[in-house]
Amino acid sequence: MTIGKRINKLRKDKKITQQELANRLYVTDKTISSWESDRTEPSLEFIIKISEILDCDVGYLIYGNNLKNDIETEIKIKLSESEFKKLTRFMNTNGVFINESDQLDTYYQPTYRPFINGDIVNEWLRIGERGNKKILNYKNWYDVYCDEWEVEIDNSENLEKIFKVLGLETIAIVDKRRKKYMYLEKYEIALDSVKNLGYYIEIEVKKYDKDPISEYGELLKLAKDLKLNLDYIDRCGYPYYLIFKNKDKKDEK
């Protein structure tokens with residue numbers, strides 16, 4: 001399926017006419033028709049805007065089924081404030097800006113089977129607030145990639161009640177400001193300012209040309225090209241650091 005066919009399908013699923021989509025993009029309905037009939041293709045800037053309007057992943061619009069929706073291959077590295085500012089300037093010049101947003105993630109684990117056991121963290125269950133949307137997300141990590149499933153929820157209060165009945169407890173709340181970019185038409189780069197933790201860069205594969213292990217190797221090469229310090233690769237996740245930071249504070253008292 002082409003980019004145009006995916007736009008056509010998603011637009012119809014949302015019950016949006018070509019004229020309505022055109023109005024929101026400040027183009028003509030003939031432009032939308034040209035994209036959907038594959039006579040022309042939208043620029044990356046338009047693809048990003050379309051993904052927001054049609055509520056879909058940028059990577060899906062560009063790559064379709066080549067995007068592995070249930071697998072996530074990424075690398076996250078801690079930054080100093082000066083590195084964060086330098087990378088922001090670099091991405092503003094060399095990347096394609098997607099959006100900037102405040103994100104609040106609440107993490108849970110079952111009391112009978114802790115996800116966090118000493119220094120081992122291999123699973124996360126969270127509710128993420130993305131503007132007016134709330135998304136339930138589950139990740140199960142392997143060596144360098146993870147299975148990932150998520151679903152949008154429309155009643156988080158009832159879900160919280162269900163979690164309580166099932167024996168799930170809140171373990172951490174991550175509050176961050178995130179700027180997202182597309183880079184080299186393959187990677188999504190997020191620059192995070194995390195409350196009480198500091199600054200991070202997260203690079204995620206959005207187009208899979210190889211298997212996840214090989215793609216991770218390419219991520220390491222890219223990180224080196226960006227002059228990132230691989231000694232600061234995050235292998236645990238934001239909630240882990242918040243949990244043990246709070247634990248250390250309690251131990252000091």
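The values are calculated or read from the model by the stated rules, or taken from the named source; none is laboratory data. Computed from a predicted structure; not experimentally measured. Every residue, glycine among them, receives a Cβ derived from its backbone with ideal geometry; neighbour counts consider all protein chains shown.
Could you tell me which of the residues Lys224, Lys186 is free of Cβ contacts under 8 Å to residues at least 60 places away in the same chain, basic (Lys, Arg), loosely packed, with under 12 Cβ neighbours inside 10 Å and within 28 Å of Thr88 (Cα to Cα)? If you could, list the steps in order and put the result at the bottom.
Details: Lys186 fails: loosely packed, with under 12 Cβ neighbours inside 10 Å.
Within the list Lys224, Lys186, the selection yields Lys224.
Filtered by the rule that a residue be under 21 Å from Lys139 (Cα atoms) and of a type in the set (Lys, Arg), segment 151-176 gives Lys164, Lys176. There is no residue in segment 210-229 that is closer than 23 Å to Ile173 by Cβ and among the charged types (D, E, K, R). Look at segment 43-62: where a residue is assigned by TED's automatic domain parsing to the domain that holds Asp13 and a partner is among the basic types (Lys, Arg) and not in a helix (DSSP H, G or I), sitting 6+ places away or on another chain with Cβ atoms under 6 Å, you get Leu54/Lys14; Gly59/Lys206.
Looking at Glu148, Glu169, Glu160 in this structure, which one is modelled with pLDDT under 90 and either in contact with a helix residue (DSSP H, G or I) (Cβ under 7 Å, 6 or more places away or on another chain) or over 22 Å from Thr111 (Cβ atoms) (or both)? If you could, list the steps in order and put the result at the bottom.
On the way: Glu169 fails: either in contact with a helix residue (DSSP H, G or I) (Cβ under 7 Å, 6 or more places away or on another chain) or over 22 Å from Thr111 (Cβ atoms) (or both); Glu160 fails: either in contact with a helix residue (DSSP H, G or I) (Cβ under 7 Å, 6 or more places away or on another chain) or over 22 Å from Thr111 (Cβ atoms) (or both).
Selected residue: Glu148, the only one of Glu148, Glu169, Glu160 that is modelled with pLDDT under 90 and either in contact with a helix residue (DSSP H, G or I) (Cβ under 7 Å, 6 or more places away or on another chain) or over 22 Å from Thr111 (Cβ atoms) (or both).
Cβ-Cβ contacts under 7 Å between residues 6 or more apart (or on different chains), taken from a first residue in segment 5-16 that is under 18 Å from Ile62 (Cα atoms) to a second residue that is assigned to a helix (DSSP H, G or I) and modelled with pLDDT of 90 or more, are listed as Ile7/Trp35; Ile7/Glu36; Ile7/Ile50; Asn8/Glu36; Arg11/Leu21. From the residues in segment 134-155 that are in contact (Cβ under 8 Å) with a residue 24 or more places away in the chain, surrounded by 15 or more Cβ atoms within 10 Å (Cβ to Cβ) and not β-branched (Val, Ile, Thr), which one is farthest from Ile233 (Cα to Cα)? The qualifying residue farthest from Ile233 (Cα to Cα) is Glu148. Please verify whether Lys161 is without any contact (Cβ under 8 Å) to a residue 12 or more places away in the chain and charged (D, E, K, R), treating the condition exactly as stated. Taking the combined requirement at face value, the residue satisfies it.
Here is a yes/no grid of residues against (1) at pLDDT 90 or above; (2) not polar (S, T, N, Q):
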residue	(1), (2)
Gln19	yes, no
Arg24	yes, yes
Glu41	no, yes
Glu45	no, yes
Gly59	no, yes
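If a residue counts only when it is among the hydroxyl-bearing types (Ser, Thr, Tyr) and surrounded by 15 or more Cβ atoms within 10 Å (Cβ to Cβ), which helices (runs of 4 or more DSSP H) contained entirely in segment 1-86 have at least 2 such residues? In segment 1-86, the matching helices (runs of 4 or more DSSP H) lie at 29-36, 58-63. From the list Glu100, Glu123, the lone residue that is at pLDDT 70 or above, under 29 Å from Tyr181 (Cβ atoms) and exposed (fewer than 13 other Cβ atoms within 10 Å of the Cβ) is Glu100.
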